[in-house]
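Everything below concerns the one structure shown next.
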Amino acid sequence: MELSTFVERLRNGEAPKFPHDANSLAFAQGLDAQDKLSHLRDEFILPTKSSLKKKALDGSIPGMFPSAVCQTRLTESGEASHNGTNGTNGHSTNGTNGHTNGHKSESDEGLYFVGNSLGAQPKAIRTYLNAQLETWASIGVNGHFASYENSPLTQWQDLAEDCAIKSTDIVGASASEIVIMNTLTVNLHMLMASFYKPTEKRHKIILEWKPFPSDHYAIESQVVLHGLDPEKSMVKIQPNEDSLIPTEKILATIDEHAEETALILLPGIQYYTGQLFDIPRITAYAKSKGIVVGWDLAHAAGNVELKLHDWDVDFACWCTYKYINGGPGSIAGAFVHEKHGKVEFDSTTGKPIYRPRLMGWYGGDKSVRFNMDNNFLPTVGAGGFQVSNPSAIDLASLSGALSIFNKTSMHDLRSKALVLTAYAELLLDQIQADSKDETPLFQILTPRDPAQRGTQLSVLLKDGLLDKVGQALEDNGAQCDKRKPGVIRVAPVPLYTRFQDVWKFMQVLRGALEL
Ligand SMILES: *Cc1c(COP(=O)(O)O)cnc(C)c1O
């Protein structure tokens, strides 16, 4: 069976029609053999069964020969020692120390299904961070305006812009519409400061019933800072009984509050259910009613195809530690549509005219940023919304992560993800079908329609099963997100997940449910 046929059917909104023997390791491996993106898995370091059990730092990196990655490591007394001298690499369970790069022990492989929470570590990040540390050590402050020819990094001054250039395909925008700065919630605040302009008549913000708490707090506090009452100014769209929110319901809420609404701010993908909203349709509809449109793309960026510029979105924010793999708490991204980033000049006074925003020296145009006068001339585009000198270490890390995306395209990643997730869904359905229990073992909360979801499937387990399932997953080196009272979120990320990993993960789950 051709992998491309499944992709085509899913892209056309049809059922994938997996064959009757799809629930087998051989079938999964057959798909892996056809996967043109399979080499990307080698770009990542994935936790192994033994590394997950490691109790102390020992200089070893899962799946890699220690000397290949760690030139020096700390001894117990805290002194640096060169490795290779004492042969304990402490992470090999099979006793052969056979973890040379590219020759991982298969039985030790973990199953990393939690890229929706924290993406796996790209090997490139170590290279990029080392380059950064060497540059800083070697030329100190000169690194702001100089870089080595053989370095993967630009001078520090240009690093944020370099990351923006590398993010264009991820969000579907030009580099000047993207800024890499701060962290997600901070960016929500900064962009609301500029884009939420309540008036006596139009003061409401439309959000969903159960946003990620940070988004709720950000919106609530913005409302309060304007002297408004959250009870009157926050409109929460309610879901149907299945926890999902149909587009029609969103449009109806817009209609109901159109005259009083200043801003609509929704997640591109809802973090709990995994529902992907119809961003272009909702954006166009809200804008036709004169409402400003912002999107939180925390779970969408690096996961699904986005075309923020063409969809005419006003602003958007995303974090880079989930599907983008920038590392825990990595520096975030924001989009400001071209039309809001313009800088024009008053014909009589010559003074710059631009959208009001929270200002800081790094939003200033590079040509005058270091003049140290008090005449703010913003960088044209999203870059003009920066405030502070960004961490070059953070940017180096993100730049390394983005370099992997630049080896492929969101189109190809999405194609693979559509099939991976449909395959996971198929195997879940078969577990359910094989169950002799009267009550269903679980319910898939995520939409069944592949066009309304990313890679994540949220599975609500029957009461009392979460601990047992959690234990079985842990025992088998399988990581996925678990939320009380009973939801697991399973994300087969196409950059580093194989079809055989999906099959193995579902075998573990099947075992836990004692089928
Ligand atoms: C992950 C996530 C956040 C986290 O915010 P930070 O500011 O990065 O800590 C916020 N909102 C949503 C929707 C998220 O998914």
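The values are calculated or read from the model by the stated rules, or taken from the named source; none is laboratory data. Note that the structure is a prediction, hence the values are computed from the model and not measured. Quick reminder, even Gly has a Cβ in these numbers, built from the backbone with ideal geometry, and neighbours come from all protein chains shown. The protein model used for the area step is the full one, side chains on, heavy atoms only, and it has no ligands, DNA or RNA in it. Shrake-Rupley method; radii C 1.70, N 1.55, O 1.52, S 1.80 Å.
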- Query: Looking at Leu188, Leu159, which is the one that is modelled with pLDDT of 95 or more, open to solvent by less than 40 Å² (accessible area, probe 1.4 Å) and more than 16 Å from the ligand (Cβ to nearest atom)?
  - Reply: Leu159
- Might you let me know whether segment 367-374 holds any residue that is of a type in the set (A, V, I, L, M), in a loop (DSSP other than H, G, I, E, B), away from the ligand (no atom under 16 Å from the Cβ) and open to solvent by 50 Å² or more (accessible area, probe 1.4 Å)? yes
- Message: I need a count of the residues in segment 325-358 that are more than 16 Å from the ligand (Cβ to nearest atom) and out of contact with any helix residue (DSSP H, G or I) (no Cβ under 9 Å at 6 or more places or on another chain).
- Response: 12
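From the list His309, His299, pick out the single residue that is surrounded by 24 or more Cβ atoms within 10 Å (Cβ to Cβ) and modelled with pLDDT of 95 or more.
His299
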- Query: Filtering segment 224-249 down to residues that are touching a residue at least 24 places away in the same chain (Cβ under 8 Å) and among the hydrophobic types (A, V, I, L, M, F, W, C), which residue is surrounded by the most Cβ atoms within 10 Å (Cβ to Cβ)?
  - Reply: Ile245
- Item | Residues that are outside any loop (DSSP other than H, G, I, E, B), more than 16 Å from the ligand (Cβ to nearest atom) and under 18 Å from Glu260 (Cβ atoms), drawn from segment 209-233 | Val223, Val224, Pro230, Glu231, Lys232, Ser233
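Anything in segment 1-26 that is without any contact (Cβ under 8 Å) to a residue 24 or more places away in the chain and of a type outside the set (Val, Ile, Thr)? List them, or say none. Full working, then the answer.
Step one: filter segment 1-26 for residues without any contact (Cβ under 8 Å) to a residue 24 or more places away in the chain, giving 5, 8-9, 12, 14-15, 17, 19-21, 26.
Glu8, Arg9, Asn12, Glu14, Ala15, Lys17, Pro19, His20, Asp21, Ala26 - these are the residues of segment 1-26 that are without any contact (Cβ under 8 Å) to a residue 24 or more places away in the chain and of a type outside the set (Val, Ile, Thr).
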- Task: With the condition kept exactly as written, say whether any residue in segment 198-208 is outside the structural domain of Leu445 (by TED's automatic domain parsing), within 15 Å of the ligand (Cβ to nearest atom), open to solvent by 50 Å² or more (accessible area, probe 1.4 Å) and charged (D, E, K, R).
- Result: no
- Task: Could you list, in sequence order, all residues of segment 477-504 that are out of contact with any helix residue (DSSP H, G or I) (no Cβ under 9 Å at 6 or more places or on another chain) and either modelled with pLDDT of 95 or more or of a type in the set (Lys, Arg) (or both)?
- Result: Arg489
- Query: Is it the case that some residue within segment 15-23 is basic (Lys, Arg), out of contact with any strand residue (DSSP E or B) (no Cβ under 6 Å at 6 or more places or on another chain) and in a helix (DSSP H, G or I)?
  - Reply: no
- Query: From the residues in segment 312-350 that are farther than 15 Å from Gly384 by Cβ and without any contact (Cβ under 8 Å) to a residue 60 or more places away in the chain, which one is least open to solvent (accessible area, probe 1.4 Å)?
  - Reply: Val313
